[in-house]
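Asks: Before I ask anything, let me first share the structure, which is written out below as structure tokens.
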């Protein structure tokens, strides 16, 4: 009797069974770093002194945070990563032009598949759990060792089950569900634990919404988020991948540290107030909060479904005149799809700025930094103090529907109030 | 391991990696000693200029939540902090700290106040608050992590053992 997380770890440790708390060595299917974390990893990797990376296909490098280069320093760092990729013949290096936000790009390219074990030097590596894979974030030095050896050590986490049943309210997406859960359990409510999402509401969600949910497992302190494979996952992978995958499911008698049951009917559109993702309110309780900027994008909500939802609301409307609205499709493919569906036209007609893929403003990097006292509604994942710019700026987290409606009114607004 | 001695700097719950090393200062990320001059700036703007080498960062719950950026524990170490004490740590920050050789200790930090003089014996697992004349204990690290820490981080550990050594 094991959970899905325990089964994937056991399979990669070459063991029949693992239990929470156990330290195990595991084989890695994919090791990821970006332009912020790869330079540190490469520096440490060179110290180890091995001939090359453990597998040229299994190392992925994506310059997405401060790329296209925001300044000379970023240019130097991206160059360092690019040259490493070239010298070490890393096959999965994605240059500006093919690059997208890593956690949207990797599933889109079919690089992560169900049953995989993935580590990445980025905290939102937990996103891939939506595919029924185990994935977790680590630091640069752990990745350096993984680049050399193809393995790493893990402590097997306890699992918490989040069971959500019932019909979603209008406009409610995966983002609202995960914000609601984080609001209930807090930013350390799943510290060190696996967050397993089940129930008929989850089964009814698109892959894009499932990625949003698993993406923010880290925001509750979770080691990984995970959703078992179903027909929707199989349909997503169909034609996308050239490796066979293994489907893992939790045993009915698997042990959980806790089980939370929620009703979808209780979940309205959510907004997380400054300065923690757990500081959530339903849209009906928000009150009058004027804003200066809206950002729609990121590894949480820069996917095609997010852009479609925003476009539905912005179609034929204008952005409030004192507001800056920045839309960032997460990958080139999503950008192109949005163009062919007429979504980009809607955004530009409405008066938004549409950017090439980048993490940019989410981490206060570039492309939409806030001044003192400014407020932003963002579909990103963190609203810590100073996250998007000045220490005295404020970030309110929401899904794309609230972000788009707020873009029209200039204050935090749900689509029902337009 | 040596005995650590210094003053306690208190911080609250949920100190994030953005408090420790904010993205807006990432143009300094290739010059960590310079970035270290801003360490924890968004939690306490005076900390970096007033702390002395050997002092301790004492947090509440969930210290180091957020990003996987390793700059966060690295600049705490470069600033001269000898250990971080907290009621609990975010997972990635904890792991990064061990990997870069920064001691991270889980203990009841409510008993420690700003300015208390502390003496810590890492091997014995004892924290002495000499201001209050009390002794606290901290949860010992698993042996595998003690080994990584005493080898000088994960890279040195790997080189020494020609791989990882869990047991």
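No lab work stands behind these numbers, since they all come straight from the coordinates. Just so it is clear, the model here is predicted, and its values are computed rather than measured. Positions of Cβ are generated from backbone atoms using ideal geometry, with glycine treated the same way; all protein chains shown enter the neighbour counts.
Asks: Rg over Rh of the stretch B:84-153, using C-alpha atoms and the Kirkwood radius, what does it come to?
Replies: Looking at the stretch B:84-153, the ratio lands at 0.98.
Asks: Using packing as a proxy for protection, rank A:232-244, A:115-127, A:354-366, A:66-78 so that the peptide with the highest average count of other Cβ atoms within 10 Å comes first.
Replies: A:115-127, A:354-366, A:66-78, A:232-244
Asks: Suppose we keep just the DSSP beta bridges with both residues in the stretch A:271-417; what percent of those would be antiparallel, to 5?
Replies: 20
Asks: Across peptide B:155-164, how many C-beta atoms of other chains are within 10 Å of each residue C-beta, on average?
Replies: 4
Asks: Now for a different question. Quick check: pseudo-label points 7 Å beyond the Cα along Cα→Cβ at residue B:134 and residue A:288, how many nm apart are they?
Replies: Output for this residue pair reads 4.8 nm.
Asks: Counting each DSSP H run of 4 or more residues in chain B as -39500 (n - 2.57), what helix-only mean residue ellipticity at 222 nm follows after dividing by all residues, to the nearest 500 deg cm²/dmol? Numbers along the way, then the final one.
Replies: Details: 7 runs with 48 residues, N = 167.
Dividing the helical sum by the residues of chain B leaves -7000 deg cm²/dmol.
Asks: Distance between Cα centroids, the stretch A:181-203 to the stretch B:78-117: provide it in whole Å.
Replies: Between the Cα centres of the stretch A:181-203 and the stretch B:78-117 lies a distance of 27 Å.
Asks: Compute the normalised compactness of the stretch A:130-217: alpha-carbon radius of gyration over 2.2 N^0.38 Å, N being the residue count.
Replies: Its radius of gyration relative to the 2.2 N^0.38 Å reference: 1.26.
Asks: When chain A is modelled as a GNM with alpha-carbon springs shorter than 10 Å, which of A:400, A:277, A:290 fluctuates the most?
Replies: Between A:400, A:277, A:290, it is A:290 that shows the largest mean-square fluctuation.
Asks: Evaluate the Kirkwood expression for the hydrodynamic radius of the stretch A:214-333, namely the inverse of the mean inverse distance over all pairs of different C-alpha atoms, and round to one decimal in Å.
Replies: 18.5 Å is the Kirkwood radius here.
Asks: In addition: Which order results if B:65, B:105 are arranged by neighbouring Cβ count within 10 Å, fewest first? All intermediate terms of the calculation are to be shown ahead of the outcome.
Replies: Working: B:65 31, B:105 23.
If I rank by nearby Cβ atoms, fewest first, I get B:105, B:65.
Asks: Could you run the Debye sum over the Cα atoms of the protein assembly as shown, one equal point scatterer each and no solvent, and tell me log10 of I(q)/I(0) at q = 0.07, 0.09 Å⁻¹, two decimals?
Replies: With no solvent term, the Cα-only Debye profile gives -0.38, -0.64.
Asks: Per residue, what volume in Å³ does the convex hull of the Cα atoms of the stretch A:1-91 enclose?
Replies: Looking at the stretch A:1-91, the number lands at 130 Å³ per residue.
Asks: For the pair residue B:114 and residue A:240, what calculated FRET efficiency results from E = 1/(1 + (r/R0)^6), where r is the Cβ-Cβ distance and R0 = 56 Å, to the nearest 0.05?
Replies: After rounding to 0.05, the efficiency reads 0.55.
Asks: Can you give the mean number of other chain Cβ atoms that lie within 10 Å of the Cβ atoms in peptide B:9-22?
Replies: Taking the mean over all residues of the peptide, I get 4.
Asks: I'd like the distance separating the alpha-carbon centroids of the stretch A:20-37 and the stretch B:1-63, in whole Å.
Replies: That distance is 27 Å.
Asks: Have a look at the DSSP beta bridges in chain B and tell me what percent are antiparallel, nearest 5. Walk me through the numbers on the way to the answer.
Replies: Numbers: 13 of 24 bridges.
Given both bridge residues lie in chain B, the antiparallel proportion sits at roughly 55 percent.
Asks: While we're looking at this one, here's another question. Please find, in a Gaussian network model of chain A (springs between Cα atoms separated by less than 10 Å), the residue of A:199, A:342, A:186 whose mean-square fluctuation is greatest.
Replies: Top of the fluctuation ranking is A:342.
Asks: Using just the Cα positions, wrap the stretch A:4-262 in a convex hull and report its mean projected area in square nanometres, one decimal place.
Replies: The orientation-averaged projected area of the Cα hull of the stretch A:4-262 comes to 14.1 nm².
Asks: Given the C-alpha atoms of the stretch A:51-162, compute the convex hull and give its volume per residue in Å³.
Replies: 117
Asks: For the stretch A:271-417, what does the equivalent ellipsoid look like in terms of its semi-axes, each the square root of 5 times an eigenvalue of the Cα gyration tensor, given largest first in whole Å?
Replies: On the way: eigenvalues 95, 57, 35 Å².
In descending order the semi-axes read 22, 17, 13 Å.
Asks: Using the count of nearby Cβ atoms within 10 Å as a rough guide to exposure, how do A:262, A:335 rank from fewest to most?
Replies: Placing the least packed residue first, the sequence is A:262, A:335.
Asks: Roughly how crowded by other chains is peptide A:202-213, in terms of the mean Cβ count from those chains within 10 Å of each of its Cβ atoms?
Replies: So the per-residue partner count for this stretch is 0.
Asks: Shifting gears a bit: Set the Förster radius R0 to 51 Å, insert the Cβ-Cβ distance between residue B:3 and residue A:260 as r into 1/(1 + (r/R0)^6), and round the FRET efficiency to 0.05.
Replies: Numbers: r = 44 Å, r/R0 = 0.87.
Efficiency, from the Cβ-Cβ distance: 0.70.
Asks: Among A:99, B:145, which comes first, second and so on when ranked by fewest other beta-carbon atoms within 10 Å? Working shown, then result.
Replies: Working: A:99 22, B:145 18.
Placing the least packed residue first, the sequence is B:145, A:99.
Asks: Using DSSP, restrict attention to beta bridges with both residues in the protein assembly as shown and report what percent are antiparallel, rounded to the nearest 5. Please report the intermediate quantities before stating the final value.
Replies: On the way: 23 of 76 bridges.
So the antiparallel bridges amount to about 30 percent of the total.
Asks: Between A:133, A:405, A:372, which gets the highest mean-square fluctuation from a Gaussian network model of chain A, Cα cutoff 10 Å?
Replies: A:372
Asks: Give the span of the stretch B:4-139's Cα atoms along each principal axis, as three whole-Å numbers ordered largest to smallest.
Replies: 43, 28, 24
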